[in-house]
Amino acid sequence: MKKFLKVLIAVLVIGLLLFGYFRFYFVFGEGVKSGTLNYVVKKGLVFKTYEGKLIQSGLRSGSKAGSIQSYEFEFSVVNKELANKLMLMSGQNMELRYKEYFGRLPWRGYTKYIVYELVSASGSTSDPQAPASTQSPVDTQTLKEIEGLIVE
């Protein structure tokens, strides 16, 4: 009877560990999403995480009849440096590489999609031919730091 109980407990513990691994740490999918970066913010009550939204091109019909919505990709960013760079790039078109997990962890972010790399960025919210007073106030040093994060 004691041996049976020990085996049962061992099987339950191994089962819980496997469930936890596959639910929270197993990478279910990887990919690249492209679109216009809407925002990246740091938020949270206990765990401060970086959360963002990418607006993808194209339209879809909404849940209500006659409504049209854009595709939105909500994601989390674990890397603080990457998150800070993305915060400065709101409004630009970009490609982000992400991992998809089955479940989310509170210290990893609010979503199950984790962006870990900026593949490319192009365009800007400001017109390069416009006067300097209407252009985005990003200095040369910041642009060099952003370019260092882009993988080509």
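Using label points projected 7 Å from each Cα along Cα→Cβ, tell me how many nm separate residue 27 and residue 116, to one decimal.
Spacing of the two 7 Å Cα→Cβ label points: 0.4 nm.
Straight-line reach only, C-alpha to C-alpha below 28 angstrom: list the lysines that residue 43 could link to, leaving out same-chain residues fewer than 8 apart.
Straight-distance partners of residue 43: 33, 53, 80, 85, 99, 112, 144.
Mind sorting 105, 37, 54, 8 by how few other Cβ atoms lie within 10 Å of their own Cβ, fewest first?
Arranged by neighbour count, lowest to highest, 105, 37, 54, 8 become 8, 105, 37, 54.
Can you compute the modelled spin-label distance between residue 1 and residue 74, with each label point 7 Å from Cα toward Cβ, in nm?
A separation of 5.2 nm, rounded to one decimal place.
Whole-Hz Karplus ³J(HN,Hα) for segment 97-106, in order, using 6.51 cos²θ - 1.76 cosθ + 1.60 and θ = phi - 60°, x for Gly and Pro?
Once rounded to whole Hz, the list reads 8, 9, 10, 10, 10, 5, x, 10, 10, x.
No lab work stands behind these numbers, since they all come straight from the coordinates. Since we're looking at a predicted model, the values are computed, not measured. Using ideal geometry, Cβ is built from the backbone for each residue, glycine included, and neighbour counts are taken over all protein chains shown.
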